[in-house]
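The values are calculated or read from the model by the stated rules, or taken from the named source; none is laboratory data. Model, not experiment: these values are computed from the prediction. Heads up, the Cβs are rebuilt from the backbone with ideal geometry, glycines too, and the neighbour counts pull from every protein chain shown.
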Amino acid sequence: MLNSGNFKDFIIVDQTEKIIYSDIGNPQYFKAGLEDLTGLFLHDLYTDMDKGYPLLTALREGTASDFFQCELTTVRGIRLTKTGCAYPIYKGGKAVAALEFADFFYDKNHIGEIEAHADHLFYRSNHTKYILDDIITGDESMAALKKQIEKFALTDSTVLIYGETGTGKELAAQSLHNSSRRYHKKFISQNCGAIPPGLLESLLFGTTKGSFTGAEDKAGLFELAEGGTLFLDEINSLDPQLQIKLLQAVESKKIRRIGSSREISVNVRIVAATNEDPRQLMADGRMMPDLYYRLAVIYIQLPRLARRKGDVALLADHFVRYFNSKMNCNIQPPDPEILRIFERYDWPGNVRELRNVIEGAFAFSENNRISRSEIPLYIIEAAESADRGPAADPGGGAYPTDLQAQTAFAEKAILARQYEECGRSLKAAAEKLGISKQLLRYKLNKYGL
């Protein structure tokens, strides 16, 4: 289950075109098992990068590119479309390095890894890989929600999905699309929090040649999703100006490319999502009430995994079978002891955290079974603390009774939750926590996270 549709990168290269810093969502698309691009050269990544590539132009000529779009092929043969910006870094009046912010979009037709593990063929034509049957549950409330999604799919009304990180917002959005009359058209997904506001506006609405330096006539995501569905994740990250422009587009069903006075009619269903409670966002002044009420014609709230009775064991068994197939292994389903630990843990990262724990256990499993030694220590400690029954903390978890252990337990829980909510990005989690990336790495290692 690879990321769906797109991922982002931020890299800095020196004068030799060597990458001296990288923060990228999916380095494995360049080399299997790769975790970081730092230390590689640009030509190590792509087979068809020419001298006109914007990052190289910024490095050699000191020319900034506020927006670019290009197609590249990775050394693994994966065809990607990149949209982003590139800027030189000066020292003493000379460009000594260059940086790039970019989003990668991939055509799933060219990714054998996804095709090999897809159970259905929708994604080949409409950029999705999930259908309603991929929502695995035995919980009554979740089963009722699946039926609601099937009914909602019969309309063209805008949808707002609220759910904590890892609860399956994109899974729900794709299921909605593939159950609708629009299923044969494209499903385009954009994480609004993964890209700077200025670039996001041009990405959504398109650009007109000459509207800014380097701008070309480019269709935005509204136009590219014509007839289909545009999924806007992390809508809570939009700044007020962009919220107003989005509201106008949703209400009028018309958009204007940046730099153009011509209105373009669009036939797109908008599905938006937020990982924060919309009511709190409005109370804090971070979401316009008008935008909320326009998007939430249909409102879907996804429950936390801890509230889905019986689904922890069901999903654990599903992920074991999935990774057995993917990795050609024969790991046995979790035994009662492991399931008890899983059931007692609160899963702040929800289904995504459970999936990641199972995947991690596969890497260290011996004798074709998952034992306690393959489960992160913080999960075992949290489960055992819940079994001992100490006083509950306000977040719903349980702390040890002595002060030192209680402090350490709380710090572990905070670090684990933030790390998962930030998609296991050290940089993003450190910024959220207000500490350095190095300190966060130390603490994660200290607690076995």
Inset, instruction - Determine if segment 244-261 includes at least one residue that is more than 26 Å from residue 206 (Cβ to Cβ) and crowded, with 17+ Cβ neighbours inside 10 Å. - result: no
Inset, instruction - May I ask you to list the residues in segment 293-310 that are crowded, with 20+ Cβ neighbours inside 10 Å, outside any loop (DSSP other than H, G, I, E, B) and either at pLDDT below 95 or touching a strand residue (DSSP E or B) at 6+ places or on another chain (Cβ under 7 Å) (or both)? - result: 295, 300
Inset, instruction - Report yes if some residue within segment 179-187 is under 29 Å from residue 325 (Cα atoms), at pLDDT 90 or above and of a type outside the set (S, T, N, Q); otherwise report no. - result: yes
Legend entry - residue 57 more than 22 Å from the chain's Cα centre (by Cα) and either in a loop (DSSP other than H, G, I, E, B) or basic (Lys, Arg) (or both): no
Legend entry - In segment 396-440, residue modelled with the lowest pLDDT [restricted to those that are within 22 Å of residue 380 (Cβ to Cβ) and loosely packed, with under 13 Cβ neighbours inside 10 Å]: 396
Inset, instruction - Provide a single number: the residues in segment 319-355 that are under 21 Å from the mean Cα position of the chain (by Cα) and either under 10 Å from residue 305 (Cβ atoms) or among the aromatic types (Phe, Trp, Tyr) (or both). - result: 11
Inset, instruction - Spot the failing condition for residue 353; the list is (1) farther than 20 Å from residue 447 by Cα; (2) at pLDDT 90 or above; (3) touching a helix residue (DSSP H, G or I) at 6+ places or on another chain (Cβ under 9 Å); (4) assigned to a helix (DSSP H, G or I), and only one is missed. - result: (1)
Inset, instruction - Restricting attention to segment 205-222, report how many residues are of a type in the set (A, V, I, L, M) and more than 17 Å from residue 186 (Cα to Cα). - result: 1
Legend entry - Wholly enclosed strands (runs of 3 or more DSSP E) of segment 202-286 bearing at least 1 residues closer than 30 Å to residue 130 by Cα and either among the β-branched types (Val, Ile, Thr) or touching a Cys at 6+ places or on another chain (Cβ under 9 Å) (or both): 229-233, 254-256, 269-274
